[in-house]
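Where a number appears in this text, it was derived from the coordinates with a stated rule and is not lab data. It should be emphasised that the depicted structure is a prediction, and the values quoted were computed from it without experimental measurement. Every residue, glycine among them, receives a Cβ derived from its backbone with ideal geometry; neighbour counts consider all protein chains shown.
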Amino acid sequence: MQALPGAGLGRGPRIRALRPKADAYVSGANRTQNFGRARELRVDSSPTMRSYVLFDVDLRSIDVQQVSLLLYSRTRSQAGYQIRLISERWRERKITFANAPGASPSFVPSGPLRAGAWKAVDVTSLVSGNERRISFALASASRKGADFASRETGLHGPRLVVERKEEQTTSSSTTTTTGAETVGIP
């Protein structure tokens, strides 16, 4: 008997969508104010606003094919935003512009955004596969900025989609003998 594709024992699904453990935005205009309970995430260049999103996901035990960040955009933007990896820890109800962690110099651009639509961005190049947690900073070089739904909104909150590589399976066959007839079952 052959197992259905993706039905391996002891393995989770090949694609998992995860909700964030924390998210918040920070504002250069309010350097010590915390926006961890806000229903939106914001990015802008004037005044400077950055957003932070944290996911609890253990990538060490899986062979990752692709990792994508999904955000629900409330605004239209031709410039989009940049996604950078964060290595330092931060807390949703404590983060401010003044104490926000620094981000990696490398980034992935989102491309243009449509209002009222999900935007998926491939962030595989930012992750090493050895993370237990993945944290991103979102920023924009545009003065028009962009707003996204935060996790506090529920269904429209950010998602991290992790797709693992398909396992190479070997097929086996079982042969059953009934009288003089042999039947092969692939």
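If a spin label sat at a point 7 angstrom from the Cα of Ala141 along the line to its beta carbon, the backbone N atoms of the stretch 104-123 nearer than 11 Å would be those of 109.
In the neighborhood of Lys144, defined by Cβ-to-Cβ distances under 10 Å, what is the net charge if each Lys or Arg adds +1 and each Asp or Glu adds -1? Can you show the working numbers first?
Values: positive: Arg76, Arg143; negative: Asp44.
Combined, the nearby Lys, Arg, Asp and Glu give +1.
Taking label points 7 Å from Cα along the Cα-to-Cβ direction, Ala17 and Leu155 give a separation of 1.1 nm.
A simple packing score, the average count of other Cβ atoms within 10 Å per residue, orders the peptides 14-20, 142-148 as 142-148, 14-20, with the highest score first.
Taking label positions 7 Å along the Cα-Cβ direction at both Arg31 and Ser106, the computed distance is 3.2 nm, reported to one decimal.
When you count the other C-beta atoms within 10 angstrom of each residue and take the mean per peptide, 59-70, 153-164 line up highest first as 153-164, 59-70.
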